[in-house]
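Just below is one structure, and these are the notes that go with it.
The values are calculated or read from the model by the stated rules, or taken from the named source; none is laboratory data. Quick caveat: nothing in here was measured; it's all calculated off a predicted structure. All Cβ positions, even for glycine, are placed from backbone atoms using ideal geometry, and neighbour counts span all protein chains on display. Ligands, DNA and RNA are excluded from the accessible area calculation, which covers all protein heavy atoms including side chains. Shrake-Rupley method; radii C 1.70, N 1.55, O 1.52, S 1.80 Å.
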Amino acid sequence: MRTATTIEASAGKDAVEFAVEAERLGLDVCWVAEAWGADAPSPLGYLAARTERMLLGSGVIQVGTRSPVTIAQTAMTLAQLSEGRFLLGLGVSGPQVMEGLHGVPFGHPLGRMRETVEIVRRTFTGEKVTYAGRHYGLPLPGSKPMRVGLPPVSVPVYLATLSPKMLELTGEIADGWLGTSFIPERADAYFAHLDAGLAHAGRTRAGLDICQGAEISLVPEAELAGTIASRKKELAFSLGGMGTATANFYNDAYSRQGFADVAAQVRRLWVDGRRDEAVAAVPDEMVLATTMIGTAEMVRERMRAWQDAGITTLRVYPAGATLKERVDTLGRAVDIARQLGADEREAG
């Protein structure tokens with residue numbers, strides 16, 4: 001099980017220094033997030049110069065905010081700057097961000113994702129790009145096809161997906177899955193759809209990197225209750241504040257994992273403006289199921305659950321009020337992951 005983390009460049013210099021420290025600690029992958037704050041490619045180019053070994057990935061570039069060929073150009077450039085260490089993570093985002101912030105229609109996300117990946121991979125070959133799809137066509141009538149003036153590359157493509165059909169598409173065409181909102185004991189809510197897509201393409205799960213993440217916070221037992229309470233606001237926002245009043249992919253994902261009643265209640269309270277009640281409606285059980293919070297032994301057992309569920313790259317979000325605290329937490333997480341790996345090798 002490889003180890004990874006995600007940074008968000010809106011945090012400024014600390015985010016970059018955290019990534020550099022992550023490489024020093026032996027982390028395998030650093031993903032750079034893009035939502036409605038900082039973009040992903042800009043800091044990735046900077047990190048390509050500041051790191052030497054660690055893989056770097058976009059987590060994620062939002063399909064629809066750039067043309068498919070622009071996405072391919074970005075990936076090819078970052079692959080060149082990082083000397084082959086770049087991973088292309090793509091996601092469709094949601095209607096609020098796409099339509100409210102970017103002014104781009106959100107419709108047909110499944111078709112747009114499939115066509116984007118196909119065009120991106122054609123561009124990677126270095127050949128002239130032609131494509132005739134429902135959503136994209138290259139070149140436009142009356143124009144001649146062109147190629148990107150960069151050497152051909154082989155860049156793994158990861159898809160960040162949550163809904164059943166998008167998960168099936170991931171299994172069918174992607175090199176890796178960037179998951180979230182995950183409960184390892186309910187992993188089949190995701191894997192059933194991923195496996196269906198893999199089977200459709202004649203593939204097995206061995207050909208798909210399963211990259212899943214969770215917040216990690218190592219605290220003494222006396223501080224556990226307070227740590228759990230502090231996590232509830234983020235969960236309540238995911239359940240009630242993400243997406244729109246009619247479309248919330250995070251809420252749907254948790255509902256499929258056994259928390260349908262909680263998800264519906266929190267969303268209703270949040271939409272009604274009763275935010276404190278929404279936070280209070282998140283049970284301790286849900287926080288503990290979706291995170292690695294607790295004593296070192298508790299965290300070890302939760303990490304083992306992720307490993308046993310079939311996660312091949314564990315993406316951790318270390319808690320901490322300062323850069324030093326986050327780095328320290330990350331270091332302890334990497335140590336635990338290494339020990340689990342050693343235990344597995346010894347047992348096998």
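Structural remarks
- With the simple model of a label 7 Å out from the Cα in the direction of the Cβ, E277 to K144 spans 6.7 nm.
- Ratio Rg/Rh [Cα only; Rh per Kirkwood] for the chain: 0.96
- Förster-model FRET efficiency, 56 Å R0, E118 and A222, C-beta, rounded to 0.05: 0.55
- Computed E for A229/R338 - FRET, C-beta separation, R0 25 angstrom, nearest 0.05: 0.25
- Sites Q80 and E52, calculated FRET efficiency, Cβ-Cβ separation with R0 22 Å, nearest 0.05: 0.90
- Computed over protein heavy atoms with a 1.4 Å probe, the carbon and sulfur contribution to the accessible area of the chain reaches 52%.
- The stretch 243-316 and the stretch 101-163 have their alpha-carbon centroids 33 Å apart.
- Cross-link partners of K233 among lysines (Cα-Cα below 27 Å; sequence separation of 8 or more within a chain): K13, K324
- The stretch 98-169: relative contact order in percent, alpha carbon pairs under 8 Å with at least 6 residues between: 27 percent
- Label sites at S10 and R203, each approximated as a point 7 angstrom past Cα along Cα to Cβ, lie 3.2 nm apart.
- Rounded to 5, the percent of DSSP beta bridges in the chain classed as antiparallel: 5 percent
- Peptides 250-259, 141-150 ranked from most to least packed by the mean count of surrounding Cβ atoms within 10 Å: 250-259, 141-150.
- Cleavage-rule hits, trypsin sites (Lys or Arg not before Pro), the stretch 1-98, DSSP coil, Cβ neighbours within 10 Å at most 11: R53
- Under 19 Å from K232, Cα to Cα: aspartates and glutamates that are on another chain or at least 8 residues apart: E215, E221, E223, D252, D261, D272, D276, E277, D284, E285
- Partners of K144 within straight-line reach, counting lysines whose Cα lies under 19 Å from its Cα and excluding those fewer than 8 residues away in the same chain: K128.
- Protection proxy ranking of 283-290, 105-112, by the mean of other Cβ atoms within 10 Å over each peptide's residues and highest first, is 283-290, 105-112.
- For the listed peptides 294-303, 177-186, a ranking on the average number of other beta carbons within 10 Å per residue, highest first, reads 177-186, 294-303.
- Relative frequency of Cα-Cα separations exceeding 19 Å in the stretch 190-348, percent: 62 percent
- Modelled label positions at A192 and A132, each set 7 Å beyond Cα in the direction of Cβ, lie 3.9 nm from each other.
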